[in-house]
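Report on one structure; see the data block that follows.
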Amino acid sequence: MVRGTTKGARGTKAPNRRGSPEAVEKRRAARLFNEVLGGGGSRGPLDGRTEKRRQRLLGELEAGATRSARELKPIDVLLRVQELLELGEPLGTIRKVAKVRRAIIDPDNLVEIVGRLHKAYGFRPEAYRFVGVDDALLRSAGVLPGDGPRRRIKKRAV
């Protein structure tokens, strides 16, 4: 019997569990553990490959297209912003290079879609702003706590 198979010597290989939710959570927890106990800041020095990836992601967001000149879809923008945030890139830096898109669809139709997307991917709420989804819609979709849009308090003139 060959190792790594489920059905005899010629059976199908066992599925790769590298992308399973448990494996992803283990890696994230280990990174956080190392960062806290290792004394690393929010963004320490990155290795060469990670730094190149960070630069590529920022470049793609700035151009609005991939290296193969394919235009970035809204999900591509969310994925790139989320990855940059996980690498420790400040939100201000991402804001400088990324063009914020405006949502064209009716917000009532978008609430359910954003809720489903958030359950599936778990994007950080800040990432949704780059595709034109505002805080009120995020609250309605259950991404942000609260039941409605925040009201701004007017400052009194002294």
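The values are calculated or read from the model by the stated rules, or taken from the named source; none is laboratory data. These numbers were taken from a predicted model, which means no experiment stands behind them. Here the Cβ positions follow ideal geometry from the backbone for every residue, glycine too, while neighbour counts run over all protein chains shown.
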Task: Close pairs from segment 64-89: first closer than 15 Å to residue 100 by Cβ and assigned to a helix (DSSP H, G or I), partner among the acidic types (Asp, Glu) and modelled with pLDDT under 95, Cβ under 7 Å, at least 6 apart - done: 80/60
TODO: Working carefully through the options 5, 66, find the one that is at pLDDT below 80 and surrounded by 13 or more Cβ atoms within 10 Å (Cβ to Cβ).
DONE: 5
Open item on the list: Residues that are modelled with pLDDT of 80 or more, more than 27 Å from residue 46 (Cα to Cα) and out of contact with any strand residue (DSSP E or B) (no Cβ under 9 Å at 6 or more places or on another chain): does segment 121-130 have at least one?
Closed with: no
Open item on the list: Every residue in segment 47-63 that is surrounded by fewer than 15 Cβ atoms within 10 Å (Cβ to Cβ) and either in a loop (DSSP other than H, G, I, E, B) or in contact with a Ser or Thr (Cβ under 7 Å, 6 or more places away or on another chain) (or both), please.
Closed with: 47
- [ ] Quickly run through segment 98-120 and pick out the residues that are of a type in the set (A, V, I, L, M), surrounded by fewer than 16 Cβ atoms within 10 Å (Cβ to Cβ) and assigned to a helix (DSSP H, G or I).
- [x] 113, 120
- [ ] Scan (1) at pLDDT below 80; (2) more than 21 Å from residue 77 (Cα to Cα); (3) of a type outside the set (A, V, I, L, M, F, W, C) for the single condition residue 25 breaks and write down its number.
- [x] (1)
